[in-house]
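Worksheet for the structure shown next.
Laboratory data are not the source of any read-out in this text; all were calculated from the coordinates shown. Worth saying up front: this structure is predicted, and the values here are computed from it rather than measured. Cβ sites come from the backbone with ideal geometry, for glycine too, and all protein chains shown count toward neighbours.
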Amino acid sequence: MQIEERIHIAVPPIVVDRIWSEVDRWHLWDPDTKRAELNGPFAVGTRGRIVPSKGMGVPMVVTERSEGRSFTVEGYIPLFRMHFEHTVSPVDGGSEVTHRIWFSGALAFVFGPRVAKQIREGLPRTMKSLKAYAEEGQASAQ
């Protein structure tokens, strides 16, 4: 099971990447995140914690990072992993941003459907919020 959402944002990819790298500020553009933090740099292997606006916090680790292009974090509890992949590509007039989520682990069949329902409901709102945050921030930076 994979969930994917795309959106065009009228800023260069470097702006989106900068927003992503400010992990402790994710709550400013992601209405489904109450708090997020990393215990070190925004780099592969760095661990932290994410607390959703509803539910309990979970440990996370950065599993992929390509500066200016993508990152993936994995949230985990025993026997269940949530993979959150984020990519940005240059397009005319800005960037195409894609967020993709999938689940793995022995308990994915138990937790996956319930979590997927919440993500399907919230992801479009999160993407629109990221767009507004990036475009408004870019406008005020000029």
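Listing Val62, Val88 from fewest to most neighbouring C-beta atoms within 10 Å gives Val62, Val88.
Neighbour counts of C-beta atoms inside 10 Å place Val115, Val61 in the sequence Val61, Val115, starting with the fewest. If R0 is 22 Å, the Cβ-Cβ spacing of Lys117 and Glu96 corresponds to a FRET efficiency of close to 0.30. Other residues whose C-beta falls under 9 angstrom from the C-beta of His8 contribute a net charge of +1, scoring Lys and Arg +1 and Asp and Glu -1. Under 5 Å from the amide H of Glu64 lie the amide H atoms of Thr72, each residue being 5 or more positions distant or on a separate chain, with H modelled from the backbone and absent for Pro and chain starts.
Between the amide H of Val11 and those of Ser95, distances stay under 5 Å, these residues lying 5 or more places away or on another chain, with hydrogens modeled in the peptide plane.
Over every pair of different alpha-carbon atoms in the chain, take the mean of 1/r and invert it; report that Kirkwood radius in Å.
About 15.4 Å, per the Kirkwood formula over Cα pairs.
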